[in-house]
Amino acid sequence: MLGALTADGVPVVVVDAPTNRRRVVAVAARDADAALAALQRAARGRPVHVSRVVGRSVGRPVPIERLGTLGPHLVWRVHEPWCSPSGSPLAGSAFGCDLGSGPSSTSRSRRWSPARSLAPGTLVAPRRNRWTDVLDPRSEPLSTEVDGVPRRGLPAVGAVHELDVTFPVDAVYTWVDGADPAWRERKQAALAAAGRPVHEFAANSSRFTSLRRACGTRCARWRRTPTGSAPCTW
């Protein structure tokens, strides 16, 4: 998709391109029609589909040639389904690329930034993303590498997000030893630091009683030692 847009001269900005995750790109609302035309030309003879994305919901896919307009303030998932020789589905919309068209006005800025004064021509994101809700026209997007190709993108695209997991994870258990004195001290310190009372059931000791029910880990010899409390002896 990025290749088709850039080949037709459509100004596009890569908003997010994490490893092994969906690419998210943006165009200004004024360029939405040109973006759709470029994608439709590139998709001729191919089963490229688009689906409307609203929050976490992805709509029913339709062939991209049937789409009349991208529309402002909308997000579309562009994808090309793949099947095995026997006809079994291999990849669908979950492996697509999200394309959003943002307005270049301050009329919608109150939705994300009620106290922020935006420069004229600022692009406002049609939905929240991991990095920013606005793109200031005075700051030119940087060149960032996406799938081995230099693209115009946000400065943060190549950075590590605070929610990215950059270490190996074998398994996650929300477990603590409620009888561990060291953990109980940390719990009391956290409650005191909160500076306000909590509901009686929110931090009740019964919520942290170890019932020793995670028996499946006895066979998981590959797991590492749990952290955050005393090592368990399951």
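The values are calculated or read from the model by the stated rules, or taken from the named source; none is laboratory data. Predicted model, so just to flag it, every value in this text is computed and none were measured. Quick reminder, even Gly has a Cβ in these numbers, built from the backbone with ideal geometry, and neighbours come from all protein chains shown.
Consider segment 74-95 and keep the residues that are among the hydrophobic types (A, V, I, L, M, F, W, C) and touching a Gly at 6+ places or on another chain (Cβ under 9 Å). The one that is surrounded by the fewest Cβ atoms within 10 Å (Cβ to Cβ) is W82. Pairs linking a residue in segment 130-143 that is more than 14 Å from A17 (Cβ to Cβ) and assigned by TED's automatic domain parsing to the domain that holds G100 to a residue that is outside any loop (DSSP other than H, G, I, E, B) and modelled with pLDDT under 65, with Cβ atoms under 6 Å and 6 or more positions apart or on different chains, are D133/W112. Looking across segment 1-40 at every residue that is over 15 Å from L74 (Cβ atoms) and charged (D, E, K, R), the one that is surrounded by the fewest Cβ atoms within 10 Å (Cβ to Cβ) is identified as R21.
Residue-by-condition table, conditions (1) touching a strand residue (DSSP E or B) at 6+ places or on another chain (Cβ under 9 Å); (2) assigned to a loop (DSSP other than H, G, I, E, B):
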| residue | (1), (2) |
| --- | --- |
| G3 | yes, no |
| T6 | yes, no |
| V10 | yes, yes |
| V15 | yes, no |
| R21 | no, yes |
| V25 | yes, no |
| D33 | no, no |
| A37 | no, no |
| Q40 | no, no |
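Criterion first (modelled with pLDDT under 75 and of a type in the set (G, A, S)) does S101 satisfy it? For S101, the condition - modelled with pLDDT under 75 and of a type in the set (G, A, S) - is not met. The residues on offer are V124, V53, and the sole one that is closer than 24 Å to V10 by Cβ, buried (at least 16 other Cβ atoms within 10 Å of the Cβ), modelled with pLDDT of 80 or more and β-branched (V, I, T) is V53. Within segment 31-74, the set of residues being over 24 Å from the mean Cα position of the chain (by Cα) and under 16 Å from G100 (Cβ atoms) comprises D33, A34, A38, L67, T69.
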